[in-house]
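Visitor: Structure incoming, see below.
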Amino acid sequence: MAEARGGIPDQTSGQLTHRQVLIVLSGLMLGMLLAALDQTIVATALPTIVGDLHGLDHLSWVVTAYLLTTTLSTPLYGKISDLYGRKRIFQIAIVIFLVGSALSGLSRNMDELIVFRAVQGLGGGGLMALAMAIVGDIVSPRERGRYQGYFGAVFALASFGGPLAGGFLTDHLTWRWIFYINIPVGILALVITSAVLRLPLPARRTASIDYTGAALTVGAVTPLLLVTVWGGVTYRWGSPVIVGLLVVSVAMVGAVVWWERRAPEPIFPPHVFALPVVKAALGMTFFVTAAMFAVIIYIPVYLQLVHGASPTASGVELLPLMIGMLTTSIGSGRLVTRFGRYKVFPVVGSATMAVGAWLLTHLGLHTSLAAASGYMVVFGVGMGMTLQIVVVAVQNAVERRDIGSATSSVSFFRNIGAACGSALLGTILFSRLGYWLPRLVPKGTKLNLSQSFTITPKQLHALPPAVRAGVVDSFVRSLHVVFLVGIPIAVLAFVCGLLLKEIPLDSAARGAAEGAAVRDGAAPADGDAPAVPATTAGATGIEADGTSARHDTVPTSSGSPA
């Protein structure tokens, strides 16, 4: 059997149909849904959890512990999967996540819950990155647009459905079910991937895992994430603690860059990060995610305070945003598959997000729900054309042996963008509230508002009418500035989109020589073969009748209609 460059065996005896890919994807999407949901489902249950377990002073760590371990483990999973194969690592991540979920549901105090949420995050980091990387193994680059679009739909569903599910389970069962519900879903994902997913093992490499790089990454990312959580809330932004954490983070980032250039098997391969496509895509991912969280976090608060919606109803009223994102996430992926071009979608998408952010600045005290829904649709349409398409671009630009590292880097920057965006926009909102509340609320009124502006409609209506009107007006004026800042963030994403070089998606996998030639604008030299034949997509274990069988690689057709 011939072996393609990068250690992937070349065998073209088999045909992976759209239906068969969907069977595999169902297991992958279930795994990704688990991790994505747990980033949002816990928020609505936090007040109930505090009432049951107490420990209000540790409340933020229930979310922070998961964020930390998810972000830190993501690049490590990508590299390990490149070295030792993805299927087994993906399933290990599911098991770790399920163990953390079960233990979180059994927690007897806040300290236990924080520790077990960290265990959950260790599994969640692998689920998000490896699900998308496996798509790079089983389908050709041109076909990936269609299927990565489905992952975008899962991410949208989790972002907006998580708070709804958390509120429902907490109200009708118990908060512990927001963790227990993961167990049957995770088991189903394990069963599907065990039965139908067959992936080639990479060529053995003598180098070991880059533990030094992993430790340095922990030292660089942990202080940064703590700054995003503590800044302006626990400590002032100019306090010695925040400044010290930033200094440590910057110094450790320098150490990471220095070390990764010398490591035999770096977690962040320098040759991958040197590619123009990767640099532009990671920048776009960071800025798009930062802008996105301004909408996901603060639009529900606007709907609750101005329109009087309940927490559950405000989640339902986010449906226009989700519909816009779902439609273009799936639609743009299909168009990428049909035409073999991807650059236009991130460019148009980020520009549409900027327009959507500008429209959202018009939200006021008397804006109708219909108008607000229209603004949300525009913003959602833009989001749907960006995040998953850049994954396609990155996977198409790198060698097959680096797909795990490259894809996990996209997830890593998505998490960092979400954390930094939330911190920046939350600080701006709270700063403007500090300006407007003394001017619009009757003098002598004492309000205790947190960085996230946690005030329920019930608490709001309990305030005297004059105070209530001042609080709502202050919030709307402050939110206006938040969305104004979202415009230049979206514009920065647009600039990254313009810098995104387009490499044709008409081959299954590119070797180093061909990829470099295309990136440099030249044709590959005679005799330079692609890493895998143009019809070869990866590997799976499904025969045409749906039964399981072993194949090292499986071809897919390019450009076939969905």
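The values are calculated or read from the model by the stated rules, or taken from the named source; none is laboratory data. It should be emphasised that the depicted structure is a prediction, and the values quoted were computed from it without experimental measurement. Note: ideal-geometry Cβ built from the backbone for every residue, glycine included; neighbour counts use all protein chains shown.
Visitor: If you go through the stretch 135-168, how many residues are outside any helix (DSSP H, G or I) and either surrounded by fewer than 24 Cβ atoms within 10 Å (Cβ to Cβ) or of a type in the set (S, T, N, Q) (or both)?
Guide: Total meeting the criteria: 1.
Visitor: Taking the conditions exactly as written (more than 21 Å from the chain's Cα centre (by Cα), small (Gly, Ala, Ser) and outside the structural domain of Gly162 (by TED's automatic domain parsing)), does Ala370 satisfy them or not?
Guide: Criteria met by Ala370.
Visitor: Tell me, which helices (runs of 4 or more DSSP H) wholly within the stretch 283-370 include 2 or more residues that are hydrophobic (A, V, I, L, M, F, W, C) and crowded, with 22+ Cβ neighbours inside 10 Å?
Guide: Working: elements: 311-316, 319-339, 344-360.
Of the helices (runs of 4 or more DSSP H) lying wholly inside the stretch 283-370, those with at least 2 residues that are hydrophobic (A, V, I, L, M, F, W, C) and crowded, with 22+ Cβ neighbours inside 10 Å span 319-339, 344-360.
Visitor: Looking only at the stretch 169-178, decide whether some residue is in the same structural domain as Leu122 (by TED's automatic domain parsing), modelled with pLDDT under 75 and surrounded by 16 or more Cβ atoms within 10 Å (Cβ to Cβ).
Guide: Looking through the stretch 169-178, at least one residue is in the same structural domain as Leu122 (by TED's automatic domain parsing), modelled with pLDDT under 75 and surrounded by 16 or more Cβ atoms within 10 Å (Cβ to Cβ).
Visitor: Is it fair to say Tyr66 is under 22 Å from Glu265 (Cβ atoms) and buried (at least 23 other Cβ atoms within 10 Å of the Cβ)? Break it down into steps so the answer makes sense when it comes.
Guide: Values: under 22 Å from Glu265 (Cβ atoms): no; buried (at least 23 other Cβ atoms within 10 Å of the Cβ): yes.
Judged against the criteria, Tyr66 is not a match.
Visitor: Please tell me if Gly126 is crowded, with 20+ Cβ neighbours inside 10 Å, assigned by TED's automatic domain parsing to the domain that holds Met29 and more than 22 Å from Thr74 (Cβ to Cβ). Give the steps one after another, and end with the answer.
Guide: Details: crowded, with 20+ Cβ neighbours inside 10 Å: yes; assigned by TED's automatic domain parsing to the domain that holds Met29: yes; more than 22 Å from Thr74 (Cβ to Cβ): no.
The answer is no for Gly126.
Visitor: Related question: For the stretch 399-420, name all the residues that are out of contact with any Ser or Thr (no Cβ under 8 Å at 6 or more places or on another chain) and of a type in the set (A, V, I, L, M, F, W, C). Steps first, answer last, please.
Guide: Kept after step one, since they are out of contact with any Ser or Thr (no Cβ under 8 Å at 6 or more places or on another chain), are these residues of the stretch 399-420: 399-403, 405-407, 409.
Passing the criteria: Ile403, Ala406.
Here's the yes/no breakdown for (1) touching a residue at least 24 places away in the same chain (Cβ under 8 Å); (2) surrounded by fewer than 20 Cβ atoms within 10 Å (Cβ to Cβ):
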position: Asp210; (1), (2): yes, no
position: Thr222; (1), (2): yes, yes
position: Arg236; (1), (2): no, yes
position: Ser239; (1), (2): no, yes
position: Val247; (1), (2): no, yes
position: Val250; (1), (2): no, yes
position: Glu265; (1), (2): yes, yes
position: Pro269; (1), (2): yes, no
position: Pro276; (1), (2): yes, yes
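Visitor: If you check Met383 against the conditions, is it farther than 19 Å from Glu502 by Cα, within 18 Å of the chain's Cα centre (by Cα), outside the structural domain of Thr69 (by TED's automatic domain parsing) and modelled with pLDDT of 85 or more?
Guide: So Met383 fits the description; yes.
Visitor: Considering the stretch 394-428 alone, what residues qualify as being of a type in the set (A, V, I, L, M), under 16 Å from the mean Cα position of the chain (by Cα) and at pLDDT 85 or above?
Guide: Answer for the stretch 394-428, where residues must be of a type in the set (A, V, I, L, M), under 16 Å from the mean Cα position of the chain (by Cα) and at pLDDT 85 or above: Val394, Ala406, Val410, Ile416.
Visitor: Do the conditions hold for Gly384, that is, is it within 21 Å of Thr407 (Cβ to Cβ) and surrounded by 24 or more Cβ atoms within 10 Å (Cβ to Cβ)? Please lay out each step first, then the result.
Guide: Numbers: within 21 Å of Thr407 (Cβ to Cβ): yes; surrounded by 24 or more Cβ atoms within 10 Å (Cβ to Cβ): yes.
For Gly384, the condition - within 21 Å of Thr407 (Cβ to Cβ) and surrounded by 24 or more Cβ atoms within 10 Å (Cβ to Cβ) - is met.
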